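All of the numbers you see were taken from the coordinates with simple rules; none came from a lab. On a predicted model such as this, the values are computed, not experimentally measured, just so you know. In this analysis, Cβ positions are derived from the backbone assuming ideal geometry, glycine residues included, and neighbour counts consider all displayed protein chains.
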Amino acid sequence: MVRQAERDEFASFVAASQARMVRLALLLTGDRSRAEDLAQDGYAKAYASWERIRGGDPGAYVRRCIVNANTDWWRRRTWREQPRPLVPDQPGHGDMAGEMAAREVVLRALARLTRRERTVLALRFYLDLTEFQIAHELGIAPGTVKSTVARGLSKLRADAELRAEATS
Amino acid sequence: MTPLPADRTCPVDLDFAEPHPAQLDLDVIVRRGTAIRRRRRIAGAGAALVACAAAASIVVGVRGASFRWFPPSPPARPAPAIPAKPIDSQVAENPPVTGKLTLLSSFPPHWTTVAWATRRGDVCWASYRTPMDGATEDFDCPWSGADVPGPGRQGLSIPLVSPFTGSDLPDQAGSERVPAFGLVTSRATRVTLTFFGRSFSAAVVPVPLGKGQTVGVYMVWLQVPASASGFGSSDFSGATAYDAAGRIVARHGPWS
């Protein structure tokens with residue numbers, strides 16, 4: 001009974017947060033299936049520690065798992081999502097091809113950054129964490145976060161493909 | 001350090017539309033999480049057995065018995081200068097003053113970490129996998145010329161941790177290993193850091209500053225306790241540098 005209650009609570013947490021976690025992982029990896037692997041791995045660790053983290057901030061725990069696991073995904077790649085039916089068709093978007101192309105351009109531009117730059121920008125501009133929160137979460141100095149943000153932003157602004165996309 | 005630009009907004013929308021919503025498999029997650037729990041329980045029981053054996057050996061006076069909670073620090077590497085070869089744009093943007101990068105570590109396997117002083121006087125390090133797949137995995141120039149130990153300055157900098165570098169290491173009963181970097185006077189040959197109350201040490205690598213000067217750079221592998229919910233520079237409680245004769249040449253801390 002306790003197990004079922006725990007599982008239901010965990011399932012609600014996953015349902016409410018998975019879109020953001022998979023997106024975070026996608027921004028870090030640039031690859032959707034790898035992103036889902038990382039997110040799934042992070043949630044599995046969260047489930048393993050659920051009793052300890054459920055009263056705190058389990059989202060932060062999963063986030064940190066994803067960021068750390070991104071550095072060693074190749075070690076874990078034997079554990080992959082089980083095959084499952086394709087996701088049912090979603091309501092059509094106005095300009096699906098255009099959106100996909102823009103998405104790919106963003107992901108390619110992020111891939112040209114260093115891992116640290118990608119991570120810091122994703123935490124800062126996708127999850128809206130402060131520089132201090134990012135420093136705390138990554139275990140690095142706030143000054144390092146600040147300089148990494150600045151370096152990543154200037155690289156994105158100078159990115160030729162992004163500039164071409166913006167003017168097209 | 002790179003100056004901050006005036007405009008600090010992100011030029012791209014990271015909240016772009018996704019064609020298919022995320023739909024993770026809860027059953028797989030729960031199965032995997034349950035397996036991790038089981039492994040942790042087994043590891044905990046194993047550690048308790050080792051503790052009992054260690055205590056018993058002390059009681060009966062067994063000589064030469066040693067019980068290691070954690071694997072030893074990776075062997076210190078000599079510090080050969082490797083030919084100048086820009087790793088990528090990071091190094092190209094911060095060219096080494098001597099034209100050469102200095103090898104800090106080749107641990108773990110498939111990882112290389114190098115350090116160098118730039119023409120501006122900053123000291124940088126970079127870690128990358130081999131093969132690199134075209135990208136430096138982590139890079140920073142955290143120290144300016146004013147941070148380099150010298151007369152009238154601290155002989156040892158506060159260590160900085162990098163959670164990004166080389167974490168493809170086997171889990172140690174659920175704990176993780178992270179490297180810490182720092183500067184130390186070039187007279188030092190070894191540095192010991194106290195992190196979460198445990199000591200970790202590594203050799204100091206001399207990095208050329210130009211004009212015949214060098215600074216010591218260290219990269220120490222630390223073990224983060226499995227019980228820690230996070231870690232950072234505030235988890236260090238002290239750092240000590242020793243010369244070749246084992247004398248203390250610089251000390252930082254203890255920090256509260």
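Of the peptides A:32-41, B:96-105, how do they stack up when ordered by the mean number of other Cβ atoms within 10 Å, highest first?
Ranked from most to least packed, the peptides come out as A:32-41, B:96-105.
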Check: At a Förster distance of 56 Å, what's the computed FRET efficiency of B:Arg31 paired with B:Arg119, Cβ-Cβ distance as r, to 0.05?
Finding: 0.55
Note to self: Within 10 Å of each Cβ in A:42-54, how many Cβ atoms from other chains are there, averaged over the peptide?
What the structure shows: 5
Note to self: Need one number: nm distance between label points at B:Ala245 and A:Asp8, each 7 Å from Cα along Cα→Cβ, rounded to one decimal.
What the structure shows: 7.3
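Per residue of A:100-108, count partner chain C-beta atoms within 10 Å of its C-beta, then hand back the mean as an integer.
Shielding by partners across A:100-108 averages 3.
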Checklist line | Long-range HN-HN contacts of B:Ala250 with modeled amide H, under 5 Å | finding: B:Ala241
Next item on the list: Compute the distance in nm between two label points, each set 7 Å from the Cα along the Cα-to-Cβ direction, one at A:Ala16 and one at B:Ser144.
Entry: 4.5
Check: Which residues' amide hydrogens lie under 5 Å from the amide hydrogen of B:Trp143, considering only partners 5 or more residues apart or on another chain, with H built in the peptide plane?
Finding: B:Val123
Next item on the list: From other protein chains only, count the Cβ atoms within 10 Å of every residue's Cβ in A:136-144, then give the mean.
Entry: 6
Next item on the list: For segment A:48-57, just list the computed ³J(HN,Hα) in residue order, Karplus coefficients 6.51, -1.76 and 1.60, θ = phi - 60°, integers in Hz, with x standing in for Gly and Pro.
Entry: 4, 10, 4, 4, 7, 9, 4, x, x, 10
Checklist line | Residue-wise HN-Hα coupling along segment A:124-135, computed from phi with Karplus coefficients 6.51, -1.76, 1.60 (Hz; x: Gly, Pro) | finding: 7, 9, 9, 8, 6, 6, 7, 4, 5, 4, 5, 4
Next item on the list: List every residue whose amide H lies under 5 Å from the amide H of B:Leu101, counting only residues 5 or more places away in sequence or on a different chain, with H placed 1.01 Å from N in the peptide plane.
Entry: B:Ile82, B:Ala84, B:Lys85
